[in-house]
Number of protein chains: 2
Amino acid sequence: MPTTPLLSPSPDTQGRDGDLIARLTAAIGPDPVLPAPADIGGRLIEDRGLFKGTALAILRPANTGEVAECVRLCHEAGVPIVPQGGNTGLVGGGVPDGGIILITQRLNRIRETDPLNATMTVEAGCVLSAIQAAADEADALFPLSLASEGSCQIGGNLSTNAGGTAVLRYGNTRDLVLGVEVVLPDGRILSDLNLLRKNNTGYDLRNLFIGAEGTLGIITAAVIKLFPKPVSRATTLVACEGPDTALALYGRMRASNADTLSTFEYIERLGLQMVIDHAAGCTDPMTTVYPAYCLIEMTSTGAQNALDLRMEAALEAAFEAGEISDAVIGASESQKDALWALRENLSEAQKPEGASIKHDVSVPVSRVAEFLHAARAACVAHMPNLRPCPFGHFGDGNIHYNLSRPTDMSDADFLAEYPAFNRIVHDIVHDMGGSISAEHGIGQVKRAELRRYKDPVALELMEQIKQAIDPAGLMNPGKVL
Amino acid sequence: MPTTPLLSPSPDTQGRDGDLIARLTAAIGPDPVLPAPADIGGRLIEDRGLFKGTALAILRPANTGEVAECVRLCHEAGVPIVPQGGNTGLVGGGVPDGGIILITQRLNRIRETDPLNATMTVEAGCVLSAIQAAADEADALFPLSLASEGSCQIGGNLSTNAGGTAVLRYGNTRDLVLGVEVVLPDGRILSDLNLLRKNNTGYDLRNLFIGAEGTLGIITAAVIKLFPKPVSRATTLVACEGPDTALALYGRMRASNADTLSTFEYIERLGLQMVIDHAAGCTDPMTTVYPAYCLIEMTSTGAQNALDLRMEAALEAAFEAGEISDAVIGASESQKDALWALRENLSEAQKPEGASIKHDVSVPVSRVAEFLHAARAACVAHMPNLRPCPFGHFGDGNIHYNLSRPTDMSDADFLAEYPAFNRIVHDIVHDMGGSISAEHGIGQVKRAELRRYKDPVALELMEQIKQAIDPAGLMNPGKVL
């Protein structure tokens, strides 16, 4: 889906664009201003190649002041800006449509770590894994964890309110942030680097920018929360009959162990089989084949054996209640890692099986089983040989409802059904009070779907806010709204 | 501090106001529209009598549709509205300045309880204690807990982002809410009763209304989070040398027991002495007098004896490190309640000691001890016989920095120093990156202080948002901004 440039496909260095480039170069130096054709880092495309854009130039400011100056100059010239972090998004939110790409890569300082206040002040360009490592260094945990953590940047995590595998225990990115620093669309700097757990002095501005996908301003720094580092973990893969028993098991685990339960992931047999078939070193940890599996982890700042006893007691009760058919308990750290590998390799293991149609949806946790049944029935009715491969963050109600193509169909024929399957799955989700984008955001991919499903007053309010904060419409145009 | 009515001090039943009253009566019936002079329920005054306002009428709509119709009619007539819940606020936020008072009392249904999704959908007028009881009935916990819980309403809790004694473990009200339903200033209804743990479909509208103190619209319902009910608790009062050892102890407790630590409250000797002297049934649980005390509680969904062992191990280590001088462990439920009573009676026990000057402030947790030292030094320098009585939510960095008058000074002479002490304490707080209103909000009381201390760009942004959502300025005018 190519996009049309808003300005000119290449910089008109003699005209208005050239003037802007000259002023930007004067402001932040020549090296940090790259004419767009010089881009070799994939900054014009989205990770999976679904979108390709154009841009006048790529800016690499070094600090908040430079970001503000760049934004002010673009605002003055009426030229749009697309902010980019690690460019790992999955919905085309960072792909430009003409204008300027501003990358946060050089804003990569950890400004402050305060272990006793349990906070870290980080700049937008810090790579997530570097933040995790710095927290670990300070004997603390920054729990945000997702597949792209080696290259995604915290600014992007904030702008998209990233989810990941630790949401059940620690919440989404939004829940991990106390304060933000933001360059507004006209170049003003909002300093709201709040370090406080309690602060009721006016409107909650922070959450307006978190999850706004760069359409209201550029987050340049944030105060993030640290947590005590767990010293013990109990990891189990259980086999069960399917969604209904998995849901009963989830309810049991949460009721009895909410203060330690940190993971409750769901995989059906087809997914596990793909991992066993395609992921190096992954084998079936059980001797019998079962319909579905849950990866359950409890973590604690208390002793390992106390945690093990709690896990065993919960599993024993679940066996007696008929909720689980089999279980493998990770007895060593390497065994625990091996159980995690079955879940972590799932996205990759689907690729050799041919094209997939993907959905990132959520429903109330109490309706996850109902959703899984309804979605399977409707999708298979539409295409009998379809291979549904749902998996994901069951305990958050967030299922990656992926569909692998029938073994006897071409990728192209299958992908032609993308809109039809979107409609089927999203209609079911919507009817259940669910979300068509649980964690990936809207970007370009889901703009039309947002218009279709979102409460109209909510959409109007979003537009009123966009108009109030970015009246010229220069911040990441064509995304979300 | 009396307020001037915006319209007329009594309804002009022949003119424009009378037309509005007639239309409101036609919309929701005659009984729910009370002319303001008929108010005998204290709806024109703030709890402590610091503010007294006037109003045209008091409206008691029965449901969201009626609220919307009332707001629409007032919007059409250009008449301002003050929403009121239980009217228990401490900053004059619910006191009218002419216009209409809209009370949420009759919106008191619990619309839905979903134990497996761990949510409850409640209307704004539900009294907090009724919600706590309904959660308990569903074998769950709604953790929000504060002194006025028997009369405050959840709509007010949301509008003020209430804090209380469970923030350390469960967060502020904001953290306990998944979705809201709001009547906007022009009468439109925003339906964002999100039941989902993960939902990245556009701007975070919910948090804009939470903590806005009714200036952006009227919250009519909310989806709140439920938590597993703890089945065990370990409660201890420890004695320590003062703020520094208390802070070291807090760091230790959090590092080793973060998944169970739910309370870390601080009281100095003067405060404890007042409770012992004035609160019926409260006695000193220790035989020696110490400078300061911490009330510590751990709660768990696991076994009592495992929790007791964790508490004992932590206390033993703290003794060895010299962080605590003495400790009383609650051995029975009634002993635990008795320890809590020492903290809960503190606000009341200050009254017989004469006038207090109060501050609701927060600083980064790592700087609480530094703040307590600096504030004492500066306040006592201003008034040598002053009796500082700081206490509060130490683990949140939130101290109620209360000052009791010298024993040899009149209340009036002492209260004349209110502005001077505000300036001293708030300047120190501000210099430490703290907040002049940790949990009570801004209302009328702290409007000028907000202008003095808040980042100017943040204030501008708040005004842009207010202008975008309530351009006529009819929602709770004269509050916050």
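In the stretch B:190-222, which residue that is β-branched (Val, Ile, Thr) and at the interface with chain A (Cβ under 10 Å from one of its Cβ atoms) is farthest from B:Thr121 (Cα to Cα)? My answer is B:Thr215.
Residues checked against (1) more than 7 Å from chain B (Cβ to nearest Cβ); (2) modelled with pLDDT of 95 or more; (3) farther than 30 Å from A:Leu372 by Cβ; (4) open to solvent by 30 Å² or more (accessible area, probe 1.4 Å):
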{"site": "A:Glu417", "(1), (2), (3), (4)": "yes, yes, no, yes"}
{"site": "A:Ala420", "(1), (2), (3), (4)": "yes, yes, no, yes"}
{"site": "A:Asp431", "(1), (2), (3), (4)": "yes, yes, no, yes"}
{"site": "A:Ser437", "(1), (2), (3), (4)": "no, yes, no, no"}
{"site": "A:Gly441", "(1), (2), (3), (4)": "no, yes, no, no"}
{"site": "A:Pro471", "(1), (2), (3), (4)": "yes, yes, yes, yes"}
{"site": "A:Asn476", "(1), (2), (3), (4)": "yes, yes, yes, no"}
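Each row is one residue, and each column tells you yes or no for (1) under 30 Å from A:Asn257 (Cα atoms); (2) in contact with a helix residue (DSSP H, G or I) (Cβ under 7 Å, 6 or more places away or on another chain).
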{"position": "B:Gly214", "(1), (2)": "no, yes"}
{"position": "B:Ile219", "(1), (2)": "no, yes"}
{"position": "B:Ile224", "(1), (2)": "yes, yes"}
{"position": "B:Arg233", "(1), (2)": "yes, yes"}
{"position": "B:Leu247", "(1), (2)": "yes, yes"}
{"position": "B:Arg252", "(1), (2)": "yes, yes"}
{"position": "B:Ala258", "(1), (2)": "yes, no"}
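Within the option set A:Gly214, A:Gly150, A:Gly155, A:Gly179, being within 24 Å of the chain's Cα centre (by Cα), small (Gly, Ala, Ser) and in a strand (DSSP E or B) holds for one residue only, A:Gly179. You will find that of B:Asp284, B:Asp277, B:Asp259, B:Asp244, the residue that is open to solvent by 10 Å² or more (accessible area, probe 1.4 Å), under 16 Å from B:Gly330 (Cα atoms) and of a type in the set (D, E, K, R) is B:Asp284 and no other. Restricting the stretch B:443-461 to residues that are more than 21 Å from the chain's Cα centre (by Cα) and not basic (Lys, Arg) leaves a set whose member that is farthest from the other protein chains (Cβ to nearest Cβ) is B:Pro456. When A:Leu141 is tested against (1) out of contact with any helix residue (DSSP H, G or I) (no Cβ under 7 Å at 6 or more places or on another chain); (2) open to solvent by 10 Å² or more (accessible area, probe 1.4 Å); (3) within 14 Å of another protein chain (Cβ to nearest Cβ), just one condition goes unmet, and that condition is (1). State which residue is most open to solvent (accessible area, probe 1.4 Å) when the search covers only the stretch B:56-80 and only residues that are touching a residue at least 24 places away in the same chain (Cβ under 8 Å) and over 16 Å from B:Thr104 (Cβ atoms). The residue in question is B:Arg72. Go through the stretch B:287-299 residue by residue and tally those that are open to solvent by 10 Å² or more (accessible area, probe 1.4 Å) and either in contact with a strand residue (DSSP E or B) (Cβ under 8 Å, 6 or more places away or on another chain) or under 30 Å from A:Arg254 (Cβ atoms) (or both). Number of matching residues: 5.
Checked against (1) closer than 30 Å to A:Ser366 by Cα; (2) part of a loop (DSSP other than H, G, I, E, B); (3) open to solvent by less than 40 Å² (accessible area, probe 1.4 Å), B:Val122 passes all but condition (2). Give the number of residues within the stretch A:372-420 that are farther than 30 Å from A:Tyr170 by Cα and not aromatic (Phe, Trp, Tyr). Number of matching residues: 27.
Out of the residues in the stretch B:172-188 that are surrounded by fewer than 20 Cβ atoms within 10 Å (Cβ to Cβ) and over 18 Å from A:Tyr203 (Cβ atoms), which is nearest to the other protein chains (Cβ to nearest Cβ)?
Filtering the stretch B:172-188 for residues surrounded by fewer than 20 Cβ atoms within 10 Å (Cβ to Cβ) gives B:174-175, B:186-188.
Then keep just the ones that are over 18 Å from A:Tyr203 (Cβ atoms); that gives B:186-188.
On the way: B:Asp186: 10, B:Gly187: 11, B:Arg188: 5 Å.
Per the stated criteria, the residue is B:Arg188.
Name the residues in the stretch B:307-321 that are touching a residue at least 60 places away in the same chain (Cβ under 8 Å), assigned to a helix (DSSP H, G or I) and over 34 Å from the mean Cα position of the chain (by Cα), would you? Answer for the stretch B:307-321, where residues must be touching a residue at least 60 places away in the same chain (Cβ under 8 Å), assigned to a helix (DSSP H, G or I) and over 34 Å from the mean Cα position of the chain (by Cα): just B:Ala317.
The values are calculated or read from the model by the stated rules, or taken from the named source; none is laboratory data. Quick caveat, the model's predicted, so the values are computed rather than measured. All Cβ positions, even for glycine, are placed from backbone atoms using ideal geometry, and neighbour counts span all protein chains on display. Only protein heavy atoms, including side chains, enter the accessible area calculation; ligands, DNA and RNA are left aside. Shrake-Rupley method; radii C 1.70, N 1.55, O 1.52, S 1.80 Å.
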